[in-house]
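The values are calculated or read from the model by the stated rules, or taken from the named source; none is laboratory data. What you see is a predicted model; the values in this text were computed from it and never measured. A quick note on method: Cβ atoms are made from the backbone with ideal geometry, for glycine too, and the neighbour counts reach across all protein chains shown.
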Amino acid sequence: MAADSTQHPLKIYWIMWGALFVLSTFSYMTDFMGDGTLRTFLILLFMLAKAGGIVWIFMHMGWERIALKLAILGPPIAILVLITLMALEGNYVEESRLQNYGESTFEPETPVHH
C-alpha cells in the first residue's frame, strides 16, 4: 500500500497568486515614476519579492529541508555578495583615478579624423 501523501491546501496558492497580482501591479506602476534610484530600487524589490514567492510556494521550496534550501539559495546569495564587492571596489578605483589623474578614464574619447 502506498504511503499517505500530504497535499498543500489550495488556499496557499490562491493567496500567492493574489500577492503576485498586487506586486505586479506595483511593479507596473513604477513605469510612471521618473528615472532615479528609488525607481530602480522598487523595480528590483518587486522583482525579488515575486521571484521569492514563486520559488517558495509554487516550486515547493518552503516545504524542503534546510540542507536543500541552502544548496539552492547559497550560490545566488554568494554571487550577489561578490557583485556588491566588485561594485564597491569599482567605485573606489574610479574615485582614485579621478583624484590622481583628474579625469575619468571611463568616458570614451571622440576620434579625431585628419
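Brief remarks on what is shown
- Here the condition is being at pLDDT 75 or above, farther than 22 Å from ALA51 by Cβ and outside the structural domain of ALA51 (by TED's automatic domain parsing); of LEU70, LEU88, LEU82, it holds for LEU88 alone.
- Selection count where residues are assigned to a loop (DSSP other than H, G, I, E, B) and in contact (Cβ under 8 Å) with a residue 24 or more places away in the chain, scope segment 61-71: 0
- Which numbered condition LEU23 misses (of (1) more than 30 Å from THR6 (Cβ to Cβ); (2) in contact (Cβ under 8 Å) with a residue 12 or more places away in the chain): (1)
- Flag for PHE26 being surrounded by 12 or more Cβ atoms within 10 Å (Cβ to Cβ), farther than 24 Å from ILE72 by Cα and not assigned by TED's automatic domain parsing to the domain that holds ILE77: yes
- Some residue of segment 29-43 being touching a residue at least 12 places away in the same chain (Cβ under 8 Å), in contact with a Ser or Thr (Cβ under 9 Å, 6 or more places away or on another chain), of a type in the set (A, V, I, L, M, F, W, C) and closer than 18 Å to ILE77 by Cα: no
- Residue match in segment 42-57 (condition: of a type outside the set (Ser, Thr, Tyr), exposed (fewer than 13 other Cβ atoms within 10 Å of the Cβ), modelled with pLDDT under 90 and not in a helix (DSSP H, G or I)): no
- Exactly one residue out of PRO108, PRO76 is modelled with pLDDT under 90 and either of a type in the set (Val, Ile, Thr) or closer than 30 Å to THR6 by Cβ (or both): that is PRO76.
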